[in-house]
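Below is one structure, written out as structure tokens, with a few remarks after it.
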Amino acid sequence: MEEFDAIVVGAGPAGCAAAYVMAKAGHNVLVLERGKFPGAKNMWGGAFFGPVMNELFPGFWEEAPFERFVTRHAISFLTEQDILSIDYKSDVTEPAEKKGFITLRAKFDKWMSQKVEQAGAIVASGLAVDDLIVEGGVVKGVKVGDEQFASNAVVLADGVNSLLSEKIGLRKAYSPHDMKQGVKEIIRLPREVIEDRFNISGTAGVAMEFIGSCTRGLPGGGFMYTNLDSVSLGVVVQLSALMDTQIKASDLIEDFKNHPAIAQLIKGGQTAEYSAHLIPVSGLKMMPKLYDNGVLVTGDAASLVLGTGLILEGANFAVASGMAAAETVIEAHRKEDFTRDELSNYEKRLREQFVLKDLQTFSRAPQFLENERIYQLYPELACSMARKIFSSDGKPRENTFKVLRKSLGKQASMWKMASDMIKAGRAL
Amino acid sequence: MKVEDKLALNKFDVDRDVHITVNDVVCVECELKPCVSVCPAECYVIRENHMTFSYEGCLECGSCRIACPKGAIDWVYPRGGFGICYQYG
Ligand SMILES: Cc1cc2nc3c(=O)[nH]c(=O)nc-3n(C[C@H](O)[C@H](O)[C@H](O)COP(=O)(O)OP(=O)(O)OC[C@H]3O[C@@H](n4cnc5c(N)ncnc54)[C@H](O)[C@@H]3O)c2cc1C
Ligand code: SF4
Ligand code: SF4
């Protein structure tokens, strides 16, 4: 049986980060990826902020295949007919690494895995790990079909469904409440058309998030990101809500595309790909055991995703946790100790840096974000107020407070709204 | 645009081995059949009161596995290299 200093399962951001750091430190690392190439199985919104990636690959934007920088960020409330947006654009010149980068996973993951190979690790694509080798409660390697690969340290970076961590008892089966389902289309449009419609040029890009009718009021939202010559458009919805209402995400994305404000932006575009993926959204509540004898769990497999409603941070958490796992394994090699006790340093590292700190800070967010008023009532309310303020029926105008109270109508009281706002303040 | 037309745009390397099997005997007793609404690829279809499943268009999201209340779904990933192969992601 071939033996490695470390084996990493999955070549997403978490796995690539872990493998890269260990290979750089001189370890003999094997990465196994079930996709035909790294990225072949992955999709996302998506954009990430640069600083964490920059720590791993300094100056990465000089060579990484990103689509555009985020120079405009818009958040919109949608009803079936209206849209009310907060559109943020800044001309403050940020250092490159602080920007938001819009990327496509099939290209970006491939690039990351090439960096991993350059650092000396073996990246074997097209191989799905079926099981872990466990002897006397200690993980000793992995099984791929009839083949086995041995290692004292196995890093699980196998993403949201992490069948392997469930198999060895690090976590229980997930509940539909802990998951959101994302569906997305790539819609191709000529580059000039995108730049014209979104009012951008060069490598500038737009990130847009939507709340309201795009999910028919179910917990979740819509998104749109500009790529170089396509847009990524999708919806994200609580899995349990799809079950309860029997609404399909595939219908929601069609409605979303047909919303007057969206249809105008993607007019004439050709769908080129349709994808779907889950997101673990319950944070600390659903976090599995992060380590055991000979094994560490990183990224989505460890539910390390921060969703505050407006932003979804998965990539940075994946990279940071991959790096922390790698440092833990490097130290374990130095001490020749791969026991649970030694590997507990992984969790300590995550506590010291932003990963577990942020999840702790926003630990009330998942519960707050289940409040249906956020997706139903408030988008309606905001848009109907705007409609009243920005239109005129020729009669004297009422003051804003009165408009608000009338718009709220019987659906909710001012008190309820105030209480939601206080809760939002605490949770977010 | 219909889901099947969207799936036709995707690149798949369909394996002869089936990676998901559904114990449709159990489905008879399942009232809400949530697999039907959660599957973004419409792999679960009820035909003449009977659950039919086809794995070819599966996007490997894992939703059905989590949503099935009866444990009727035997779910693993396709063999390495097979299944959905995103070109954009
Ligand atoms: C719709 C949507 C939008 C999102 N938007 C954003 C965003 O805008 N910004 C952001 O930061 N995050 C976003 N995320 C979250 C982000 O994509 C994830 O948090 C991140 O990809 C997690 O990285 P990972 O390496 O842990 O897992 P993954 O990227 O899922 O990688 C796991 C890898 O393991 C492989 N694998 C799995 N099982 C096996 C096995 N048994 N054997 C071999 N290989 C295996 C998979 O093929 C895959 O390549 C979004 C997610 C979704 C679904
Ligand atoms: S949810 Fe499960 S038991 Fe119910 S119909 Fe679907 S596969 Fe069958
Ligand atoms: S894994 Fe996702 S796409 Fe595949 S059958 Fe289940 S719900 Fe449908």
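The values are calculated or read from the model by the stated rules, or taken from the named source; none is laboratory data. These figures come from a predicted structure and were not determined experimentally. In this analysis, Cβ positions are derived from the backbone assuming ideal geometry, glycine residues included, and neighbour counts consider all displayed protein chains. Note: areas computed on protein heavy atoms with side chains; ligands, DNA, RNA excluded. Shrake-Rupley method; radii C 1.70, N 1.55, O 1.52, S 1.80 Å.
On full extension, the segment bounded by residue A:118 and residue A:1 gains 39.6 nm, given 0.36 nm per residue less the C-alpha separation. The C-alpha radius of gyration of the range A:8-162, expressed as a fraction of 2.2 N^0.38 Å, stands at 1.27.
Around residue B:21, with a cut-off of 13 angstrom between Cβ atoms, what is the net charge of the other residues, counting Lys and Arg +1 and Asp and Glu -1?
Details: positive: B:65; negative: B:17, B:24, B:74.
Local net charge: -2.
Per-residue ellipticity at 222 nm, computed for chain A from helices alone with -39500 (n - 2.57) per DSSP H run of at least four residues, works out to -10000 deg cm²/dmol. Protein heavy-atom accessible surface, 1.4 Å probe, per residue over the range A:222-284: 29 Å².
Just to check, using Stokes-Einstein with a Kirkwood Rh over alpha carbon pairs, what's the diffusion coefficient of the range A:239-293 at 25 °C and 0.890 mPa s in µm²/s?
Values: Rh = 14.8 Å.
Taking Rh from Cα pairs, D becomes 166 µm²/s.
Solvent-accessible area per residue in chain B equals 51 Å², computed with a 1.4 angstrom probe and all protein chains kept.
Would you please give the FRET efficiency between residue B:56 and residue A:370, computed as 1/(1 + (r/R0)^6) with r the Cβ-Cβ distance and R0 = 25 Å, to the nearest 0.05? About 0.10, to the nearest 0.05. Given a Förster distance of 25 angstrom, what is the FRET efficiency for residue B:46 paired with residue B:5, based on the Cβ-Cβ distance and rounded to 0.05? The calculated FRET efficiency here is 0.75. Using a probe radius of 1.4 angstrom, the carbon and sulfur fraction of the accessible surface of the protein assembly as shown is 51%. The convex hull around the C-alpha trace of chain A, projected and averaged over every direction, spans 22.4 square nanometres.
The modelled label-to-label distance between residue A:203 and residue A:413, using points 7 Å beyond Cα along the C-beta direction, is 5.5 nm. Length available on full extension from residue A:311 to residue A:284: 0.36 nm per residue minus the Cα-Cα distance, which gives 8.0 nm. A simple count of charges around residue A:260, restricted to other residues whose Cβ falls under 13 Å of its Cβ and scoring Lys, Arg +1 and Asp, Glu -1, yields -1.
Please tell me the relative contact order of chain A in percent, rounded to the nearest whole number, where contacts are Cα pairs under 8 Å and at least six residues apart.
Values: 899 pairs, mean separation 85.9, N = 428.
With pairs under 8 Å counted, the relative contact order is 20 percent.
In this simple spin-label model, placing a label point 7 Å from the Cα along the Cα-to-Cβ direction at both residue A:167 and residue A:28 gives a separation of 2.4 nm. In this rough spin-label picture, where each label sits 7 Å from Cα along the Cβ direction, the residue A:354-residue A:335 distance is 2.8 nm. Put simply, chains B and A cover up around 3600 Å² of each other's accessible surface, both sides summed, when a 1.4 Å probe is used.
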